[in-house]
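Report on the structure given below.
The values are calculated or read from the model by the stated rules, or taken from the named source; none is laboratory data. Keep in mind that what you see is a predicted model, and the values were worked out from it rather than measured. Ideal geometry is used to build each Cβ from the backbone, glycine not excepted, and the neighbour counts take in all protein chains shown. We work out accessible area using only protein heavy atoms, side chains counted, and drop any ligands, DNA or RNA first. Shrake-Rupley method; radii C 1.70, N 1.55, O 1.52, S 1.80 Å.
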Protein chains: 2
Amino acid sequence: MIIIRGNPVIRSDRRGKNQNMLNPGPAGKLKECLMALSSEAKELYLNSTVPVLDAVPSPLQFHRDWVAPNKPVILKGAVKHWPAIRKWSHYYLRDKIGDEVVSVAVTPNGYADAPNGNFFVMPEERNMKFSKFLSIMEEPENYPGVFYIQKQNSNFTEEFTKILDDAAHEIPWFSEAIGKEPDAVNFWMGDHRAVTSMHKDHYENIYCVVSGFKDFILQPPTDLPWIPYKKYQVAVYKEIGSGEFKIEENHQTGSVPWICIDPLKPDLEKYPQYEHSNPVHCRVHAGDALYLPSLWFHHVRQSHACIAVNFWYDMEFDIKYNYYKFIENLCSQEVQ
Amino acid sequence: MIIIRGNPVIRSDRRGKNQNMLNPGPAGKLKECLMALSSEAKELYLNSTVPVLDAVPSPLQFHRDWVAPNKPVILKGAVKHWPAIRKWSHYYLRDKIGDEVVSVAVTPNGYADAPNGNFFVMPEERNMKFSKFLSIMEEPENYPGVFYIQKQNSNFTEEFTKILDDAAHEIPWFSEAIGKEPDAVNFWMGDHRAVTSMHKDHYENIYCVVSGFKDFILQPPTDLPWIPYKKYQVAVYKEIGSGEFKIEENHQTGSVPWICIDPLKPDLEKYPQYEHSNPVHCRVHAGDALYLPSLWFHHVRQSHACIAVNFWYDMEFDIKYNYYKFIENLCSQEVQ
C-alpha cells in the first residue's frame, strides 16, 4: 500500500530552484578552474579547523570577520548564561512540559530526510507527549526506531513556549550584527544514532548547544562542484508493527535532488571528485554556539539526548549568492 | 629615441596576476551562465542608479548594507564639515602650498595610463610648484597638454602636509566599518579634459569631492566577462617642444593587459559582448563622497579644476575575491 502524504516542504533547499546536478563531476578547463577555486579558497581565507572565539565579538566585528566573509566559527560560552544550561534536566522538562504534545521524527536507522536506495526518505512524524519522548530517550532499547525532535518549523517558539524563557527568542548580538530578527527557532533533542544528512540551508544559522554535544562536518559553498547530487523519489518511513518499517513512495511529490555521498564513509570510487572537497569537523559543547554560515554544507550528529536550539536568520541574496548560483548553473547537468 | 624609464607600478591592477584576457567574449554554455550571472545580479541586488544616502549610517549598517554586498553608494554631505570645502580657493592654496613642488601628469589628450593605438601610455610626470599648476588650471589655453595631479602614492599625506588638516587623514566611520586605517590618501586636481580610463582597483575606495564635481561610470565585478582587455606595449608621453608630444616605448616593462573599450563611445561592432554589461553613471558633488567598492570597474571625469581626495583601504581577499578570480580564470584566453 502506498500512502499519499501532503507535499513535504524540503525547507533546506526550498530556494534551490536550479539545484546542482553534477555527477560525476566536471572535466577539462572547467574542472581546472574549479580546482583553483577550491585551492585558492584554502590559501585565501578558509581555516583547516573551525576557529574558536573565547568571547563574543561586537556585532560589527562579528559581521566583518565572519558573516560578510561567510566563515564558520565557534563561540565559546556564548549561551552559558541561559538558565536552560543548568535547568533542563529530564526531571525539570518532564515537570514543565511533560504533558505537551510534540512532533517527533521516527526512522528505523536514524536517517530522517536522507537517501535510502533510490528513495529520499522522510521520517514518520509521530505526535507524542514530551514525557513519552523522554522515556524513549532514557530507554531507547525498549522502543523500536530512532527518535529525534528535529522539526524545523520554529518548533521552539511554537511548541515549547513554557520553557522559551529558559533559553532565548533570539541571539541579540547576532540579530544586531545582521540587522534582523530570526525567521525560525528550532528545538533539537534526540538519539545519538540520529543523523542529519549532508545538506545546505539558505539561512544564517546560530546553533546553540544546551546539553551534550553536537558533531558537525562542514564544507564551504565553493565545494559544490565536488559534492555529488542524485535525484531521488520522495518517500516516507512508516512503522508497520513489531519494529518493522516500510518505505512508502510519495508519487505526488515526485523526485528531489539530494547529496548522494556520505561524508562519514565517502565512496571515492564512485565519486572521485569528492576528494577535491574540504570537509572540516568540529564538536560544539553545551554552552557554546556555532555560527554556521548560509550555503555551507553540513552533516550533524550528537551525543545521546543532546539538546540544542538553533536560530535561523534569512540570508542575503547578494553578490555571494549570485556567484554561487553561477557555479551551480555551470556545473548542472541532468542526473540519471 | 627610446627613453627607458623605471618599471612603472600599475597600481590599480597590481594584484591582477591572472588578468582577464577575454576577447571576443565567451560562447556556448559558459556564455549562457555568465549572462544569467549578470541578469540575476540585476534582479537580486544591483541598482540601476547609484543610491544616495542623506546621512552617513552607523559603521555596522554601512558594512552590512554596502561593504559586505560590494555595492556603491553616494553619501550626501559626508565631508561637508571639512574646512577644505570652504577654504580651498586658489588664493588660499597658492598662499599655503604655492611653493611646494608637486608631481603633475601631463598628456596631449587627457588620457594618462590609457591605451593609445597599440600602446598603454603613461603620462609625462612633471614636477612643478603648485602655484605654477594653479596658473595652468586658470589659463589652460596658454599651456600645451592636459595637466592632472593624479599620483596615487598617497600624495595627499606625502606632498600636501600643509593642508592635510583642512581635510582628513582618514574617514573615521569608514575606518571603523572595515576595521582598518587607509593604506593611501590621494589628492586629485586637474583639467576637465583629463580622463581616468576604465580600470578596477584592489581597494575599498571612499572618493570625496572638495570642489566641482566628478563623473563616474561604474560597472560591477560580475561584468568582467563583457569587458574586453587587450595587451598593450607600455610607453610614456614626452613633450618634445612646441606643444608636440611623442610616445616613447618602454621595452623593459614590456606589455600590460588593459581594458580596450571606451565606455563613453563603446565600439559594439568590435566588442558586441559589452552590450551585456551594466554601466551606471553618477555625479559626485562637492561635500559628498562615493563609496566605490573593490573590484568595481570605473571611468572618471571631472569639472575643470575639480579637487578631490580619495581614501584607499586594503580590500579583503575573501570569498567574493575567490569567486571573482574563478570567473577571471574561466574567461581567460591569450590575447593576440
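Each residue, B:THR161 and B:SER131, gets one label point 7 Å from its Cα in the Cβ direction; the gap between the two is 2.1 nm.
For the protein assembly as shown, the solvent-accessible area works out to 39 Å² per residue, with a probe of 1.4 Å and every protein chain left in place.
The loop-placed trypsin sites (Lys or Arg not before Pro) in segment A:47-140, going by DSSP, that have at most 16 neighbouring Cβ atoms within 10 Å of their Cβ come out as A:LYS76, A:LYS80. Dividing the summed -39500 (n - 2.57) terms of all DSSP H runs of n ≥ 4 by the residue count of chain A sets its mean residue ellipticity at 222 nm at -5500 deg cm²/dmol. Post the alpha-carbon centroid distance, segment A:125-151 to segment B:136-167, in whole angstrom. Result: 76 Å between the Cα centres.
Let me know the shape class of segment B:139-261, please: from the alpha-carbon gyration tensor, a ≥ b ≥ c as square roots of the eigenvalues, rounded when a/c is under 1.5, otherwise prolate if a/b is greater than b/c, or oblate. Taking the square roots of the gyration eigenvalues as a ≥ b ≥ c, segment B:139-261 is oblate. B:LYS238 label point (Cα plus 7 Å toward Cβ) to equivalent points in the other copies: 8.9 nm, shortest first.
For the pair A and B, the buried accessible area comes to roughly 3300 Å² in total, with a 1.4 Å probe and the value rounded to the nearest 100. Summing +1 for each Lys or Arg and -1 for each Asp or Glu among the other residues whose beta-carbon sits under 12 angstrom from that of B:HIS276 gives -1. The H on the amide N of A:VAL210, modeled in the peptide plane, is under 5 Å from the matching H of A:GLY287, A:ILE307, A:ALA308, A:VAL309, each at least 5 residues off or on a different chain. Across chain B, the relative contact order, built from alpha-carbon pairs under 8 Å that are at least six residues apart, equals 29 percent.
Can you give the Rg to Rh ratio for chain A, taking only C-alpha atoms and Rh from Kirkwood? We get a ratio of 0.96 for chain A. Across segment A:198-336, the mean sequence separation of Cα contacts (distance under 8 Å, 6 or more residues apart), normalised by length, yields a relative contact order of 49 percent.
Test of the criteria: in segment A:236-334, which GluC sites (Glu not before Pro) are in a DSSP loop and have at most 11 other Cβ atoms within 10 angstrom of their Cβ?
Sparse-neighbourhood loop GluC sites (Glu not before Pro): A:GLU269, A:GLU334.
Each residue of segment B:201-288 gets 174 Å³ once the volume of the Cα convex hull is shared out per residue. Taking A:HIS299, A:HIS251, A:HIS285 as the candidate residues, the one with maximal mean-square fluctuation in a Gaussian network model of chain A, Cα springs under 10 Å, is A:HIS251.
Got a number for carbon plus sulfur as a percent of the protein assembly as shown's accessible area, 1.4 Å probe?
Taking all protein chains in place, the protein assembly as shown shows 48 percent carbon and sulfur surface.
Out of every Cα-Cα pair that segment A:272-336 contains, those further apart than 21 angstrom amount to 47 percent. Computed over the Cα atoms of the protein assembly as shown, pair by distinct pair, the Kirkwood hydrodynamic radius stands at 28.0 angstrom.
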